[in-house]
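The values are calculated or read from the model by the stated rules, or taken from the named source; none is laboratory data. These numbers come from a predicted model, not from an experiment. With ideal geometry, Cβ positions are generated from the backbone for all residues, glycine too; neighbour counts draw on all protein chains shown. Note: accessible area is taken over every heavy atom of the protein model, side chains too, but ligands, DNA and RNA are not part of it. Shrake-Rupley method; radii C 1.70, N 1.55, O 1.52, S 1.80 Å.
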Amino acid sequence: MKQFSILFLAFAAMTLAFTSPVESTIVDTKASVITWKGYKVLGSHTGTIKINSGDLQMQDGQLVGGSFTIDMKTITCTDLEGEYKGKLEGHLKSADFFGVDKYPTANFNITSVVSRGTPGAYKITGDLKIKETTKPVRFNVNIGEEGGQQIATGEVQIDRSDFDIRYGSGSFFDNLGDNTIYDEFDLSIRLVLN
């Protein structure tokens, strides 16, 4: 038994000796952006949201964790101009949708990372918090190099009704007709790493 314990301790020490530390890589918030697309019966709208802060954790060149904070006050619409652009942005920031005065940020924290078998390709699971609700979401992420910088990209579809955002939702209100806004919206995430 004593000999087994010594062997186990020696193996554990060797494993620790060959395990690299986890390194945190900070997200360049000025160069990073999230692009959103929301859908309604008569079309869709697109826009952007800025990243407030974030980091990705790497070990031996592999993604192992990370998190980022989204600045909900920076929601913009990119497919409208003038008065209609201002109205939509104001409505998205209002309590009908994201209530940015009370909830100025949303957060995503990676809880699990699985390699998809090719370098830089991962399937991640994480907790997304919007307003007062936290839900797990899963999506694929790719980390590659562009112009000498490491870029992490991913696409995820979110169901806003999971986060108690019900305005214009056919899931909760009848007879909306052409005014129905679909629950699902798409996020394209682009994180530039320092």
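Quick rundown of the values:
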| read-out | value |
| --- | --- |
| Relative contact order [Cα under 8 Å, 6+ residues apart], the stretch 43-132, whole percent | 25 percent |
| Built amide H within the under 5 Å cut-off of GLN150, gap 5+ | LEU193 |
| MRE, 222 nm, helices only [DSSP H, n ≥ 4, -39500 (n - 2.57), over the chain, to nearest 500] | -5000 deg cm²/dmol |
| Inter-label distance, nm, simple model (7 Å from Cα along the C-beta direction), ASN194/ASN179 | 4.7 nm |
| Gain upon complete extension [ASP60, ASP28; 0.36 nm per residue less C-alpha separation] | 9.4 nm |
| Filter on LYS87/LYS135; LYS93/LYS123; LYS37/LYS93; LYS102/LYS135; LYS30/LYS131; LYS73/LYS123 - keep pairs with C-alpha separation over 22 Å | LYS87/LYS135; LYS93/LYS123; LYS30/LYS131; LYS73/LYS123 |
| Chain lengthening between ASP159 and THR133 when straightened (0.36 nm per residue, less Cα-Cα) | 8.1 nm |
| Heavy-atom surface of the chain, accessible at 1.4 Å and reported per residue (Å²) | 60 Å² |
| Computed over the chain: relative contact order in percent, which uses C-alpha pairs under 8 Å that are six or more apart | 21 percent |
| Correct option for Rg/Rh (Cα atoms, Kirkwood Rh) [calculated from the coordinates] among (i) 1.11; (ii) 1.04; (iii) 0.95 | (i) |
| Percent accessible area from carbon and sulfur atoms, the chain, protein chains only, probe 1.4 Å | 52 percent |
